[in-house]
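Below: one structure, written as structure tokens.
The numbers here are math on the coordinates, done by the rules we state, and not lab data. Everything numeric here is computed off the predicted structure, so don't read it as measured data. No Cβ is skipped: glycine too gets one built from the backbone with ideal geometry, and neighbour counts run over all protein chains shown.
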Amino acid sequence: MMEETIFHLKNAIGVFDSGVGGLSVLREIRKQITNFPIIYFGDQFHVPYGPRELEEVNSLSSVITQFLISSGSRIIVVACNTASAAALYPLREKFPHIPFVGMEPAVKPAAENTHTGKVGVLATPATFHGKLYNSVVERFAKNVEIYQNTCSGLVQEIEKGNFRGIETRKILENALFPMLEQKIDAVVLGCTHYSFVIPLIKEIVGPDINVIDPAPAVARQTARILSEWNNPVDDFNDNRIFLITSGQKQKFEKFISLIAIENYEIFQANWSLDKREINIVQNKNDHP
Ligand code: DGL
């Protein structure tokens, strides 16, 4: 018998990111999968992950995964390229009974479809340093010229809900204009935060450049795994979403009000001092 959890779930889809980025993936998952509850953890206490050491991101990801599993998740979507780069292989080893869906910059479809042979990739420093990204480039994009940019500061602007401000535009133009001069014909979004600025990116690059967001493919892969479950008991047809932040609840709430998500409840969680455990902060009015 599985332990009863604070959310009273047993077959939830657990999703996590360093902050709000993975919500772009959550939205796609909800579009494609309407009959399972989702528990989302945004580690806003530690955002951004991009400039951190892979080892640290690996250790944070492991604690978050443990928390999501003990909260009733039966599958984990690592909705963060940086956490996938740092932790996807170790997580699969550490939790062999749990299926994981990870993210990697979608260099493969970009390389297959480019006419100019030149592709731009926007991702965090940790993602570019990780084995996952480098093995994808090695396997699928050997004959393609890749132009990389880390868009320093963009994750922080998006965390603030600044999808169109002067600073956001400046960071994106600085990254994209030099790529356009090199005649790229595709931009790969290698960070889940960046999906929230797709309209601005499209405005900057124009209609002829293919902007590739891996979120729909990640949701499809998640749906494929769920369709193989032969006995989706209890939570079947439960479409609630439990959104948890390790940062400030009000700031998180404000961000959520900017994007289209329905049927959700927001919670705050705290990291223990030794960073080995996460606990939900329970207010008197919360009835999870
Ligand atoms: N959203 C994340 C990603 O996909 C991480 C951004 C960050 O925290 O630096 O890489």
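Check every DSSP H run in the chain and write down those whose alpha carbon atoms cover 30 angstrom or more along the long axis and whose mean Kyte-Doolittle hydropathy is -0.5 or greater.
Working: long enough: none.
Long hydrophobic helices here: none detected.
Just want the answer: with Cβ charges of +1 for Lys and Arg and -1 for Asp and Glu, which residue in Ile69, Gly247, Phe196 is farthest toward the dipole's positive end in the chain?
The residue sitting most towards the positive pole is Phe196.
What does the helix-only formula give at 222 nm for the chain: each DSSP H stretch with n ≥ 4 adding -39500 (n - 2.57), the total divided by the residues, and the result rounded to the nearest 500 deg cm²/dmol?
Helices in the chain give a 222 nm mean residue ellipticity of -12000 deg cm²/dmol.
Which of Asn113, Asn149, Asn81 moves the most in a Gaussian network model of the chain with Cα springs under 10 Å?
Highest fluctuation among the options: Asn113.
At q = 0.15 Å⁻¹, what log₁₀ I(q)/I(0) does the chain have when each alpha carbon counts as one equal point scatterer in the Debye sum?
With no solvent term, the Cα-only Debye profile gives -1.13.
Is the C-alpha gyration tensor of segment 60-157 telling us rounded, prolate or oblate? Criteria: a/c under 1.5 is rounded; beyond that, a/b larger than b/c is prolate, otherwise oblate.
Numbers: a/c = 2.72, a/b = 1.85, b/c = 1.48.
Since a/c reaches 1.5 and a/b is larger than b/c, the shape of segment 60-157 is classed as prolate.
What is the fewest-to-most order of Glu262, Glu104 by other Cβ atoms lying within 10 Å of their Cβ?
Glu262, Glu104
For a quick check: sort Ile166, Ile146 by the number of other beta carbons within 10 angstrom, fewest at the front.
Ile166, Ile146
Give me the one-decimal nm value for the distance between modelled label points at Lys108 and Phe163, 7 Å along each residue's Cα-to-Cβ direction.
Roughly 2.9 nm, to one decimal.
Where does each of Ser152, Ser195, Ser73, Ser62 land when they are ranked from fewest to most other beta-carbon atoms within 10 angstrom?
Values: Ser152 15, Ser195 22, Ser73 26, Ser62 18.
Result, fewest neighbours first: Ser152, Ser62, Ser195, Ser73.
Need the C-alpha centroid separation for segment 157-174 versus segment 201-220, integer Å.
17
From Cα coordinates alone, what are the radius of gyration and Dmax values for segment 93-210 in angstrom?
14.9, 48
Between Asn58, Asn210, Asn174, where does the largest GNM mean-square fluctuation fall for the chain, given springs only between Cα atoms within less than 10 Å?
Evaluated over the chain, the most mobile residue of the options is Asn174.
Defining a contact as two alpha carbons under 8 Å apart and six or more residues distant in sequence, what relative contact order in percent does the chain show?
25
Assign unit charges at the C-beta atoms only (+1 for Lys and Arg, -1 for Asp and Glu), then state the dipole size of segment 19-100 relative to its Cα centre in Debye, rounded to the nearest 20.
Rounded to the nearest 20 debye, it is 380 debye.
Find how much the distance from Glu93 to Lys183 grows on full extension, using 0.36 nm per residue of separation minus their present alpha carbon separation; answer in nm with one decimal.
Numbers: separation 90, 0.36 × 90 = 32.40 nm, distance 4.12 nm.
Result for the pair: 28.3 nm of gain on full extension.
Suppose each label sits 7 Å from its Cα in the direction of the beta carbon; what would the Arg224-Asn210 distance come out to in nanometres?
Taking the simple label geometry, Arg224 and Asn210 are separated by 1.9 nm.
Separation between the Glu138 and Lys254 pseudo-spin-labels, each 7 Å from Cα along Cα→Cβ, expressed in nm?
4.4
List the lysines whose alpha-carbon lies under 19 Å from that of Lys202, not counting same-chain residues fewer than 8 positions away?
Output for Lys202: Lys118, Lys170, Lys183.
Under 10 Å, Cα contacts only: if you run a Gaussian network model on the chain, which one of Leu176, Leu154, Leu258 comes out with the highest mean-square fluctuation?
Most flexible of the set in this elastic network: Leu258.
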